[in-house]
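Each remark here refers to the structure printed beneath this line.
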Amino acid sequence: NMALMPVNDYFIAGRTEERGKFNRLAGEVEKLLGRIGGLFILNIEERALLDRIREGYERLKAMGEEILALSDPVGHIRGASLMERFDATGNEIVLLLGQFHLIHEHKLEQARQEAARTRQQALRHLTGSGGVFGILALVFGVRLARSIIRPIRMLESGTERIAAGNWDHRVDI
């Protein structure tokens, strides 16, 4: 839409500086349209839609240059006809870009949902793994404690017997 404004302003007011603005903005639009194909993974329908956008923009740019080439655009009859087609083509391109945007907004939402599902699944796995490792640590801790405490209790019991006068008692550890 911004790229359309200099042509409209030139047609209404005849200010020649609008030509430079149009050329600068047209260059930016062309760069963006060139980058779109590399930013997204496009299926056949999306490529066709992008091709329609690019073709429409080329027509729009040619009409804009034709209008900007008019020496006295204000009140120019042929210019008015060109301006109507220019605006209609601009509106068509904006609608096509809106469709393209909606398609990729939907894809982005699907990707977000998939990421959320993957995150939930990872959290479940992490929680489950943490629980299993916690139980294993508890089991091994109890076994380790028993392996240390049992000989100490046997030694304690043996020393109590020996202290009680049972000098023949032997502690087997």
Restricting attention to region 14-22, does a residue exist that is closer than 21 Å to residue 96 by Cα and not in a helix (DSSP H, G or I)? no
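How many residues, within region 14-38, are over 19 Å from residue 63 (Cβ atoms), open to solvent by less than 90 Å² (accessible area, probe 1.4 Å) and modelled with pLDDT of 90 or more?
Of region 14-38, the ones over 19 Å from residue 63 (Cβ atoms) are 17, 31-32, 34-38.
Now restrict to residues that are open to solvent by less than 90 Å² (accessible area, probe 1.4 Å): 34, 36-38.
Then drop every residue that is not modelled with pLDDT of 90 or more, which leaves none.
Qualifying residue count for the region: 0.
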Exclusive hit being open to solvent by 40 Å² or more (accessible area, probe 1.4 Å) and among the hydrophobic types (A, V, I, L, M, F, W, C), set 67, 41: 41
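Could you please let me know if residue 50 is crowded, with 16+ Cβ neighbours inside 10 Å and under 30 Å from residue 12 (Cβ atoms)?
Working: crowded, with 16+ Cβ neighbours inside 10 Å: yes; under 30 Å from residue 12 (Cβ atoms): no.
The answer is no for residue 50.
Rundown of residues vs (1) among the hydrophobic types (A, V, I, L, M, F, W, C); (2) in contact (Cβ under 8 Å) with a residue 12 or more places away in the chain, yes/no style:
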site: 126; (1), (2): yes, no
site: 131; (1), (2): no, no
site: 140; (1), (2): yes, no
site: 149; (1), (2): yes, no
site: 162; (1), (2): yes, no
site: 165; (1), (2): no, no
site: 171; (1), (2): yes, yes
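Yes or no: residue 124 within 20 Å of the chain's Cα centre (by Cα) and open to solvent by 90 Å² or more (accessible area, probe 1.4 Å)? Please lay out each step first, then the result.
Details: within 20 Å of the chain's Cα centre (by Cα): no; open to solvent by 90 Å² or more (accessible area, probe 1.4 Å): yes.
Taking the combined requirement at face value, the residue does not satisfy it.
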Selected residue (criterion: surrounded by the fewest Cβ atoms within 10 Å (Cβ to Cβ)) from residues of region 80-108 that are within 11 Å of residue 56 (Cβ to Cβ) and among the polar types (S, T, N, Q): 91
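Give me the residue from region 1-13 that is part of a loop (DSSP other than H, G, I, E, B) and surrounded by 15 or more Cβ atoms within 10 Å (Cβ to Cβ) and, out of that set, nearest to the chain's Cα centre (by Cα). Spell out how you get there, then give the answer.
Residues of region 1-13 part of a loop (DSSP other than H, G, I, E, B): 1-4.
Adding the requirement that they be surrounded by 15 or more Cβ atoms within 10 Å (Cβ to Cβ) leaves 3-4.
Values: 3: 27, 4: 30 Å.
Among those that are part of a loop (DSSP other than H, G, I, E, B) and surrounded by 15 or more Cβ atoms within 10 Å (Cβ to Cβ), it is 3.
The values are calculated or read from the model by the stated rules, or taken from the named source; none is laboratory data. Since the model is a prediction, treat every value here as computed from it, not as a measurement. Virtual Cβ from ideal backbone geometry, glycine too; neighbours counted across all protein chains shown. Quick note on the areas: whole protein, heavy atoms, side chains included, nothing else; ligands and nucleic acids left out. Shrake-Rupley method; radii C 1.70, N 1.55, O 1.52, S 1.80 Å.
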